[in-house]
Amino acid sequence: MSWVYRQGQNLTYLTLPEWEKCGIQIGFSTRWGGVSNAPYESLNLGLHVGDDSEKVLQNRELWFQEWNVAWNDLVIGEQVHDVKVQLVESSDAGRGVRDLRTVLPGVDGLVTTTGLGLMAFFADCVPVYFYHPILKAVSIAHAGWRGTVGKIIIRVLEEFRKMGGEPRECWVALGPSIGPCCYEVDEQVVKPFQEAFEKTPFLKSSRPGHAQLDLWEANRLLLLEEGVRPENIWSASICTACHTDSFFSHRQEGLKTGRMAGWIRRKD
Ligand SMILES: [Zn+2]
């Protein structure tokens with residue numbers, strides 16, 4: 001079983017039934033069911049993209065109602081296309097949820113054992129979700145090309161290791177994001193990957209100076225190298241740029257578009 005679409009009370013979203021069975025709330029929103037106007041129509045959950053912030057907060061309220069969580073049950077990081085990962089404490093509850101000024105600054109990955117939910121925003125970048133059943137820890141990371149080439153997922157696994165958790169016990173899910181079908185990159189992106197990875201089977205040359213980049217495969221290979229078991233990796237393999245009927249896509253729609261939310265929480 002992999003990711004499935006679910007029609008909730010008000011919104012349609014993606015979730016992973018196998019994770020839910022273990023007491024994990026996990027979701028990825030689609031772009032519909034919210035109140036934002038074009039070009040953010042309609043469930044834009046990102047406060048940082050130029051949309052009317054009142055509308056974004058109404059959209060967030062819809063999202064939280066769907067999951068039956070309170071605003072203070074979550075934490076949000078800034079997301080700066082870097083690889084810093086932060087351990088979230090109980091005292092961080094509610095940070096970034098109402099206001100950009102209170103986000104955890106400079107972080108693209110969040111890890112917690114507190115029972116707080118972790119939320120991040122996406123429009124083509126790869127949402128990477130982690131659940132460590134022994135530590136009872138969850139994590140979400142924002143892995144665009146910079147996060148992938150900088151190997152942010154290894155930073156998350158290192159946080160688990162510090163707490164005594166091994167990668168072989170860890171579950172990882174990759175949500176919808178831009179696929180190899182739609183992600184042509186130039187040498188500014190190709191070169192750093194060739195420098196950072198010994199082999200780059202996830203880069204397929206397309207025309208001189210360009211390649212199609214498969215971020216799902218790059219992250220999957222990294223996870224396997226680190227010792228995550230193949231059967232513990234769930235990849236949605238849904239391309240956001242191919243499906244702007246369901247998702248926002250930065251590549252397809254340009255700078256002014258909305259953001260989907262990815263979120264994860266261990267239900268106590
Ligand atoms: Zn595509």
Just the number: Rg to Rh for segment 107-199, Cα atoms, Kirkwood Rh, two decimals.
1.00
Residue by residue, what Karplus-based ³J(HN,Hα) values in Hz, rounded to whole numbers, does segment 26-39 have, using 6.51, -1.76 and 1.60 with θ = phi - 60° and x for Gly and Pro?
9, x, 9, 7, 9, 8, 10, x, x, 10, 6, 8, 4, x
Assuming 0.36 nm per residue, please report the length gained on full extension of the stretch Ser205 to Asp82 beyond their Cα-Cα distance.
41.7 nm
Computed FRET efficiency, Cβ-Cβ of His243 and Asn72, R0 25 Å: what is it to the nearest 0.05?
0.15
From the square roots a ≥ b ≥ c of the eigenvalues of the alpha-carbon gyration tensor of segment 199-268, which class results: rounded (a/c under 1.5), prolate (a/b over b/c), or oblate?
oblate
Spelling it out for Ser206: with amide H atoms placed in the peptide plane at 1.01 Å from N, the residues 5 or more places away or on another chain with amide H under 5 Å from its amide H are Ala211, Gln212
Of all the stretches in the chain, which is the longest one without any exposed loop site, taking trypsin sites (Lys or Arg not before Pro) in a DSSP loop (any state but H, G, I, E, B) with at most 13 other Cβ atoms within 10 Å?
1-198
How high is the FRET efficiency between Gln65 and Leu255 when r is their beta carbon distance and R₀ equals 30 Å, given to the nearest 0.05?
0.50
Give the value in nm², to one decimal: projected area of the alpha carbon convex hull of the chain, averaged over all directions.
13.0 nm²
Which of the GluC sites (Glu not before Pro) found in segment 49-141 are in a DSSP loop and have at most 13 neighbouring Cβ atoms, other than their own, within 10 Å?
Glu89
With a point put 7 Å past each Cα toward its Cβ, work out how far Arg161 is from Thr12 in nm, to one decimal.
4.2 nm
Neighbour cut-off at most 14 other Cβ (10 Å), DSSP loop, GluC sites (Glu not before Pro), segment 144-207:
Glu198
Would you mind checking which residues have amide H under 5 Å from Gly77's amide H? H placed 1.01 Å from N; only 5 or more apart, or other chain.
Leu104, Met119
Which residues does the label zone of Asp186 cover in segment 209-224, counting backbone N under 18 Å from a point 7 Å along Cα→Cβ?
209-213
Given charges at beta-carbon only (K, R positive; D, E negative), |dipole| of the chain in Debye:
200 debye
Kirkwood hydrodynamic radius of segment 145-268 from all distinct Cα pairs, in Å?
15.9 Å
Using a simple charge model, +1 on the beta-carbon of Lys and Arg, -1 on the beta-carbon of Asp and Glu, nothing else, what dipole does segment 5-61 show about its Cα centre, in debye to the nearest 20?
160 debye
Given 10 Å bins starting at zero, what is the percent of C-alpha pairs of segment 175-233 in each, up to the one with the largest pair distance?
23, 50, 24, 3
Taking 22 Å as R0, compute the FRET efficiency from the Cβ-Cβ separation of Leu224 and Cys22 and round it to 0.05.
0.50
Kindly provide the Kirkwood hydrodynamic radius of segment 55-103 in Å, to one decimal, from all pairs of distinct alpha carbon atoms.
11.8 Å
Assuming 0.692 mPa s and 37 °C, estimate D for segment 13-163 with Stokes-Einstein, Rh taken as the Kirkwood radius over Cα pairs, in µm²/s.
209 µm²/s
Out of all DSSP beta bridges with both ends in segment 142-268, state the antiparallel percent to the nearest 5.
65 percent
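Quick note: the coordinates plus some simple rules give every number you see, no bench work behind them. Everything numeric in this text was worked out from a predicted model, so none of it was measured. Because the Cβ atoms are built from the backbone with ideal geometry, glycine has one as well, and the counts that use them run over all protein chains shown.
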